[in-house]
There are 2 protein chains.
Amino acid sequence: MSEARVQPDTRERILDAAERLFMESGYEGTSMRMITGAAGVNLAAVNYHFGSKEALLREVFRRRLAWLNRERLRLLDEMEAQAKGEPLKPSAILEAFFGTLLHMGTDESLGGMTFLRLLGRTLTEPADFIRTFFAGEYAEVVDRYKRALFRALPDVPHEEIIWRFHLMLGAMSYAIAGTDALQVVTGCELDLNNEGPRAAELLSARVMPFLLGGLRAPLPQFAVSPQQTRKTEPSKAA
Amino acid sequence: MSEARVQPDTRERILDAAERLFMESGYEGTSMRMITGAAGVNLAAVNYHFGSKEALLREVFRRRLAWLNRERLRLLDEMEAQAKGEPLKPSAILEAFFGTLLHMGTDESLGGMTFLRLLGRTLTEPADFIRTFFAGEYAEVVDRYKRALFRALPDVPHEEIIWRFHLMLGAMSYAIAGTDALQVVTGCELDLNNEGPRAAELLSARVMPFLLGGLRAPLPQFAVSPQQTRKTEPSKAA
DNA sequence: GTCTATATTCAGATAGAC
DNA sequence: GTCTATCTGAATATAGAC
């Protein structure tokens, strides 16, 4: 990376501004003029540096997901090496997958809470090119973690595990992205916005027990077919 | 609001088309021309009948949420009357809140799966007017259900209950709205799209145990006693 | 109530001077 | 690499005939 010290690097400023604005207003709701205005650069600079608005969005994510994917794979490799062939604990798998994500929220150089919220929100953007982009970016990591969960929960049908993976992703995404949306719905302000870097720790303590509780909940009747699974008694709260 | 004649009712056709297109492409991603084209009506008809695109969106939701809110309140009233002052069971509360929602997915006259997915997806739309609209529509029902949960879980801090309400809403919304988005992420096709009316039953059997497991998961350490905010070990492992 | 035609604004993208 | 000026198309909305 060539450090443009004299100037605060046009490229980076565009990416930072786009990251924040896509988070606040969504992809369709953010115009190039809003981005270049906020970044303090010329309108033409986006197309010069990135080629198009779509390509800009992809680059906004690529620079963050590169680290996230690498870290998630590294942690899984490490845990599996230590386990010497034994299945991992579900809680350890979730901690690696979601904890790594939440860690980004504490580190501004990894995008901080802005990127976390952008990521959660963008997963529901309907545009086709966004969905195909994420499919490619996530494929390897999700496949590895899915297989780790299959081994960790040998009595649970694979389809059920995939469903619960979906549900955990959904809960986590809303917990992060929908902070203000859901606050409006539940009419109650949660202490996330004012906490800055600590927000991710608070989130983690709140969310991880919920996810584990959901993942290990009793199976629905019709899903138990292959071999009668011991009903995981959902340890009562409080 | 005056009744139109025998016609296939321009107003309804616009609402139906808008419901589907907003679900598929989002609010910003759907143009008036797409809507009037799909509905087979004139472009000017939307502004004649509804006044603006924003007002159209609100009306799309109002005609469905009227039933949903009424039914949710009715069920809660009924249960509370039968309980004669005793707290309700958490599972009964969730069944009333989320089961009513899922029931709409089985009934085409209530919008079917199209509306369910639209609702889940629209909760994350960043536009301001959408968020304030939902705040007003949801206020009463959410307040009533929150209070029912407070009574049902007297040992759990209110803030924790609200968080878990958020998380349940998020999981449910993604399970419904993000069907294709998350399928792309997890790289696995779930049997939702082809099941038609049965989709809601399948969803219910899959999702309700997960939600209950999450709601009743062990509490994070710091939520029990307000002073110590230690790093939390989310209780038991596998 | 429905339609045509149009006003107005704003979007993404680019050509070409510097 | 950066900037001005502009192209082209599409968006919402409305005026006014029928």
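The table below lists the values:
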item	result
Charge dipole magnitude, Cβ of K and R +1, D and E -1 - the range A:66-105, Cα centre, debye nearest 20	60
Two-decimal ratio, the range B:62-219, of alpha-carbon radius of gyration to 2.2 N^0.38 Å	1.05
Column: log10 I(q)/I(0), Debye, Cα scatterers of the range A:1-98, q = 0.13, 0.14, 0.21 Å⁻¹	-0.60, -0.65, -0.98
Translational diffusion of the range A:8-51, µm² s⁻¹ [Kirkwood Rh, Cα pairs; Stokes-Einstein; 20 °C; 1.002 mPa s]	212
14 Å beta-carbon shell around A:Gly37, net charge (K/R +1, D/E -1)	+1
Formal net charge of residues neighbouring A:Leu73 (Cβ-Cβ distance under 11 Å; K, R +1; D, E -1)	-2
Peptides ranked, highest mean first, by Cβ atoms within 10 Å: ranges A:44-55, A:141-152, A:156-167	A:156-167, A:141-152, A:44-55
Set B:Lys84/B:Lys146; A:Lys89/B:Lys146; A:Lys146/B:Lys146 screened for pairs whose C-alpha atoms are more than 24 Å apart	A:Lys89/B:Lys146; A:Lys146/B:Lys146
Local net charge near B:Gly26, Cβ-Cβ under 10 Å (Lys/Arg +1, Asp/Glu -1)	-4
Relative contact order of the range B:42-125, defined on C-alpha pairs under 8 angstrom at six or more residues apart (%)	18
Principal axes of the range A:57-150: Cα extent on each, largest first, Å	41, 28, 18
Inter-chain Cβ neighbour average for residues A:61-67, partner chain, 10 Å	0
Averaged over B:155-167, number of beta-carbon atoms from partner chains that fall within 10 Å	6
Cα centroid separation - the range A:76-120 against the range B:84-131, whole Å	31
Number of partner chain Cβ atoms within 10 Å, mean per residue of B:109-116	0
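No value in this document is a laboratory result; all are computed from the given coordinates. Bear in mind that the values here come from a model prediction, so they are computed numbers and not experimental data. No Cβ is skipped: glycine too gets one built from the backbone with ideal geometry, and neighbour counts run over all protein chains shown.
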